[in-house]
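Below is one structure, written out as structure tokens; the observations come after it.
The values are calculated or read from the model by the stated rules, or taken from the named source; none is laboratory data. All values reported here derive from a predicted model rather than from experimental measurement. Cβ coordinates were reconstructed from backbone atoms using ideal geometry, including for glycine residues, and neighbour counts include every protein chain displayed. Note: accessible area is taken over every heavy atom of the protein model, side chains too, but ligands, DNA and RNA are not part of it. Shrake-Rupley method; radii C 1.70, N 1.55, O 1.52, S 1.80 Å.
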Amino acid sequence: MTATLIFFSVIYYFKEIWLSSSSYYAENIHTIPDRLIITFINLLALFAYYSPRFPKWLGGAYKARYDLDNVIPFEPTFQLTPTNTPSRIPQSFTGDIMGFLKVTVAVIVPTLLNTEKDMSQLKRLLESLAWQSRVPNIVIVVDDGSKLIYKESEIRPDGYDLSIEVLRLKINMGPAAARNRGVRLATKYNPLLVMFTDHDCIPESDWIQVGINAFCQSKQTFGNENFILSGQTRSYENTWFDFYHNIFGTLNGRYLPHDNNSLLYGTTCNLAIPFCLALRVPFEEDFKNAGFEDIDLCVRARKMGARTWFVVDMKVIHDFGYLGPPKVEKDDGELITAQEGNWEQFKRFFHNLRRFWLQFCRYGEWEPLMNAKHPEYIDWFNVSKEIHSI
């Protein structure tokens, strides 16, 4: 079964990249060397994704931590109020401006800090939230059992009045459980909207403003709060691996053309959920790593009657930790790419390749659990379409 999936995936992307002159990939990957590199990275992603299902002698050492024999397929125990959905939600709010101004927002950030770079990424995220055109009412940082010891004052942006509460979990429970703990803590602030992102992300300066705008417009359009909003996310660096994430849309949701272009799922690095819905549809804590817990959430909400919608202007940049070309500063302050030797280029490429491989191994580890909980997921996925970030 695994070999069949890989075979048909290879055939499909080979056709899209090399044989179809009108495909999105062919139009955005112009030269033969570029196409060869992207084809190699795509093969790498496919083999990494399916490697947890390989026999151990073939490299399948990254084994999942769950027992599929005991998984019960999900069936909703209640249904949300259905909505008459338009082809796509409007991107601007035209209703009561006072209601718009009264929308309270909690941003929930699960984090696992094991290195100084993790710490610097979290500080960068909190600074980007402090710079928002509409500052959140509260930022809840859920520390998921970090090895790094730090004080709250060390992560607080200097010179900004940003309300932050840090919730420290005694053991590592995984991002799904951490987000659920964050939602529970948010009840004491009673926000109307919760927005999710990760510590290695950088939201655009109007991220929260756009999220509120889409929330108000969606509520006005649908007449209830049974919807999830997913934004557009790009990868941070300027490497081939970042380009792959952007052009294949791995950081975004996927359209379902047969269902008014709603999304099959959104990603939790850039997600907004009405608080009342977040309380009724929590994350599934069986997903212990960052992989499929966001997809499972959106699919469960879909089965209950909610829909996920794409908000193109709700933008976030995601930093995978790939190493880009080194930069040097000119006398006028401009940054330019520095000269780099072959050995340094190879080391940087190998570092990025290893991070990319492990990333897709983690993604693929949890798909069998997703399929067991939602047998219809694979059929929905096969008719869905990518959302590119190029």
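Could you please state how large a percent of the accessible area of the chain is carbon and sulfur, counting protein chains only and using a 1.4 Å probe? Solvent-exposed carbon and sulfur of the chain make up 56 percent of the total. Each Cα pair under 8 Å and six or more residues apart adds its sequence gap; the mean of these over the residue count of the chain is a relative contact order of 22 percent.
Only aspartates and glutamates eight or more places from LYS123 in sequence, or on another chain, were considered; those with a Cα closer than 12 Å are GLU152, GLU154, ASP158, ASP198, ASP200.
Report note on the peptides 150-160, 372-382, 271-281: ranked by the mean count of other C-beta atoms within 10 Å, highest first, their order is 271-281, 372-382, 150-160.
Here the chain is assigned +1 on the Cβ of each Lys and Arg and -1 on the Cβ of each Asp and Glu. Its dipole about the Cα centre then comes out at about 780 debye. In terms of distances greater than 19 angstrom between alpha carbons, the cross-link table entries LYS147/LYS327; LYS147/LYS170; LYS151/LYS288 yield LYS147/LYS327; LYS151/LYS288. Considering only SER163, ALA338, GLY364, the residue lying farthest towards the positive end of the dipole of the chain is GLY364, judged by Cα position with unit charges set on Cβ. A DSSP coil position with no more than 11 other Cβ atoms inside 10 Å describes the following trypsin sites (Lys or Arg not before Pro) in the range 288-372: LYS330. The residues of the chain have, on average, 47 Å² of accessible surface per residue, using a 1.4 Å probe with all protein chains present. What percent of all Cα-Cα pairs in the range 251-390 falls into each 5 Å bin, going from 0 up to the bin containing the maximum distance? Percent of pairs per bin, in order: 2, 8, 15, 17, 17, 13, 8, 7, 7, 5, 2, 0.
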